[in-house]
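Structure, as structure tokens:
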Amino acid sequence: MEDTAAVLIACSALVLLVLGLAHLLLTFRGSKLHPRDHALLISMQEKSPNITRQTTMWRAWIGFNASHSYGAILFGLTWSYLALLQPQLLFASWYLLSLGLVFLLAWLLLARRYWFVTPLLGTLLATALYGVGLVLLVA
């Protein structure tokens, strides 16, 4: 059962890794994350947020999207490594197992509330794979 759980948790992590890498690529290449309204893009490039004048809304938007991608990539790399190469460490730590589940559930809530269908379905798949892996560990 532990081997199957390890594969499911690794697959869960790899889903997030792929989503994170795709999001990072879309952040810096092409116009998929640009607003449809060109005037809004210009305004974002010119206007600063209230917190500081040292950046623009556009630069903050790019930075937030990149750091968001880094989080998914970090989760994907770390949990797939732990599941496949250090399962004894991962499976002996309810802290790490719980942290992974809480992370995925938090992302699922964000996806449901703020994102669109592709990341929602990907996050749902990752959470389901992780959850089934946890159930197999407990069984």
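Of all stretches in the chain that contain no trypsin sites (Lys or Arg not before Pro) in a DSSP loop with at most 16 other Cβ atoms within 10 Å, the longest one is 54-139. For the chain, the longest principal axis of the alpha carbon atoms and the long axis of helix 2-28 meet at an angle near 10°. In the elastic network of the chain, a GNM with C-alpha springs shorter than 10 Å, the most mobile of His38, His23, His68 is His38. Summing Cβ point charges (Lys, Arg +1; Asp, Glu -1) relative to the Cα centre of the chain gives a dipole of roughly 600 debye.
Between Ala106 and Leu40, the distance separating the two model label sites (each 7 Å from Cα on the Cα→Cβ line) works out to 2.7 nm.
With respect to the chain, whose longest principal axis is taken over its alpha-carbon atoms, helix 57-85 is tilted by about 10°.
Subtracting the Cα-Cα distance of Arg53 and Phe116 from 0.36 nm times their residue separation leaves 19.6 nm of extension gain.
If DNA, RNA and ligands are ignored and the probe is 1.4 Å, what is the ranking of Met1, Met57 by accessible area, most exposed first?
Met1, Met57
For the chain, the longest principal axis of the alpha carbon atoms and the long axis of helix 117-138 meet at an angle near 20°. Applied to the range 34-41, the Karplus parametrisation 6.51 cos²θ - 1.76 cosθ + 1.60 on θ = phi - 60° returns per-residue 3J(HN,Hα) values of 7, x, 5, 8, 4, 5, 5, 4 Hz, with x for Gly and Pro. Here the simple spin-label model places points 7 Å from the Cα toward Cβ, and for Asn65 and Leu96 these points are separated by 3.4 nm. Over all orientations, the chain has a Cα convex hull whose mean projected area works out to 9.5 square nanometres.
The values are calculated or read from the model by the stated rules, or taken from the named source; none is laboratory data. Keep in mind that this is a model prediction, so the values were computed, not measured. Here the Cβ is made from the backbone with ideal geometry for all residues, glycine too, and neighbour counts use every protein chain on show. For the accessible areas, the whole protein counts, side chains as well, though only heavy atoms, and no ligand, DNA or RNA atoms are used. Shrake-Rupley method; radii C 1.70, N 1.55, O 1.52, S 1.80 Å.
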